[in-house]
1. Failed condition for LEU69, given (1) of a type outside the set (Gly, Ala, Ser); (2) open to solvent by less than 100 Å² (accessible area, probe 1.4 Å); (3) outside any loop (DSSP other than H, G, I, E, B); (4) modelled with pLDDT under 85, with all others met?
2. What number goes with the only condition from (1) within 30 Å of THR62 (Cα to Cα); (2) part of a loop (DSSP other than H, G, I, E, B); (3) among the β-branched types (Val, Ile, Thr) that ILE226 does not pass?
3. Taking TYR42 as meeting all but one of (1) out of contact with any helix residue (DSSP H, G or I) (no Cβ under 6 Å at 6 or more places or on another chain); (2) in a loop (DSSP other than H, G, I, E, B), write down the number of the exception.
4. Take the residues of segment 101-111 that are part of a strand (DSSP E or B) and surrounded by fewer than 20 Cβ atoms within 10 Å (Cβ to Cβ): which is farthest from the chain's Cα centre (by Cα)?
5. Any idea how many residues of segment 24-39 are over 30 Å from ASN170 (Cβ atoms) and either assigned to a loop (DSSP other than H, G, I, E, B) or among the hydrophobic types (A, V, I, L, M, F, W, C) (or both)?
6. Given the conditions (1) crowded, with 20+ Cβ neighbours inside 10 Å; (2) within 19 Å of ALA234 (Cβ to Cβ); (3) of a type in the set (S, T, N, Q), which single one is not true for GLN84?
7. If I filter segment 212-245 down to residues being over 17 Å from the mean Cα position of the chain (by Cα) and open to solvent by less than 20 Å² (accessible area, probe 1.4 Å), which single residue comes out as nearest to GLN193 (Cα to Cα)?
Amino acid sequence: MTEELQAEPREVRQIYDPIAETPTSYLREPDGAHPPLDYPPYKSTSLRHPKQPLVYLPQTITEITGPQLGSPQVGESDNDLTVQHAGEPIGERIIVSGRVFDTEGKPLRGTLVEIWQANAAGRYKHRWDRWPAPLDPNFSGAGRCVTDDEGRYQFTTVRPGPYPWGNHYNAWRPAHIHFSLLGRAFTQRLVTQMYFPGDPFFPYDPIFNSVRDQKARERMISSFSIHGTVPNWAQAFEWDIYLRGPGSTPFEEAH
C-alpha cells in the first residue's frame, strides 16, 4: 500500500449544531383553518388557485428545519418605519407589538417577523398602486425584526389607511398590515394580515370574510393597548401570532 493509503482517516466534522428540541413533525391545520383557495367573492382567486387537489408531501428534514436568521441580518432601524428617511412620515404614529408562539404556547425566539403596509393615505409605494392618493416621500412601508428570548416583536409605524381595490363596485380594503413569518421550520411559514378594531369595512371585505370561522376572523384583529401607548407620541396595538406547532410531544417512559 502506498503511504497515502496508509494515512489516518480524516476526522468527521460536524457541519452545524442542530436546533435544540427540534420536533420530528409539525401539525397540519384542519380543513377550514385557512381561506379556501378558490373564493368567488375574491375575484382574483379564480385566476390563480390550483386546479387539482393538493398533494401533501411527507415531512422530512427539509420541512422540519428552516433558515436561521439572527440579528446580524436586521438593521438597527428596520423595525421603526418612522425613522427610515430624512423626514417624518405623515400619519398617526402607532406601536404594534406582540408575541409569536407555536400551538403548544411555546414562545418562538429568534424568528424573523416582516411587515409591509400602505401609508396613511392608503397607498403603497409600488409601481402598480396608482389610485389618486398621495405618496409619502418619508415612508416606504416595510420593516422587519427578530423576536427576543420571550418571542416578542415590536414595530413603530404609522396607521395605514383603507383603500379602494376594484374587486367589486365600491370595494374598499379595511386598514391592515401584512405580516410574514418564517418560524423555525418551513412548515411554520405564515403570511397573514393584522386588522384594527372597529373597522367599518369588515362586513364588506371578501378577503377578511374568506376566513369562514368567526373566532378565527376575530383573532386577526389587534387590540388597542392604553398601557402600551406612549403619552403625547404614539398609540399602541397588541397582536399575538400562533404558528403551527409540533405534531407530537415526546414524553419520558415510566420506569
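1. Against the list (1) of a type outside the set (Gly, Ala, Ser); (2) open to solvent by less than 100 Å² (accessible area, probe 1.4 Å); (3) outside any loop (DSSP other than H, G, I, E, B); (4) modelled with pLDDT under 85, LEU69 comes up short only on (3).
2. Unmet condition: (1).
3. (1)
4. Across segment 101-111, the extreme among qualifying residues is PRO107.
5. Summing the residues that are over 30 Å from ASN170 (Cβ atoms) and either assigned to a loop (DSSP other than H, G, I, E, B) or among the hydrophobic types (A, V, I, L, M, F, W, C) (or both) in segment 24-39 gives 8.
6. So the condition that GLN84 fails would be (1).
7. ALA236
Residue-wise test of (1) open to solvent by 60 Å² or more (accessible area, probe 1.4 Å); (2) in contact (Cβ under 8 Å) with a residue 60 or more places away in the chain.
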{"residue": "VAL113", "(1), (2)": "no, yes"}
{"residue": "ASN119", "(1), (2)": "no, no"}
{"residue": "TRP128", "(1), (2)": "yes, no"}
{"residue": "TRP131", "(1), (2)": "yes, no"}
{"residue": "PRO134", "(1), (2)": "yes, no"}
{"residue": "ARG152", "(1), (2)": "yes, no"}
{"residue": "VAL158", "(1), (2)": "no, yes"}
{"residue": "PRO164", "(1), (2)": "no, no"}
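The values are calculated or read from the model by the stated rules, or taken from the named source; none is laboratory data. What you see is a predicted model, and the numbers here were worked out from it, not measured in a lab. A quick note on method: Cβ atoms are made from the backbone with ideal geometry, for glycine too, and the neighbour counts reach across all protein chains shown. In case anyone asks, the SASA skips ligands and DNA or RNA and just uses the protein heavy atoms, side chains included. Shrake-Rupley method; radii C 1.70, N 1.55, O 1.52, S 1.80 Å.
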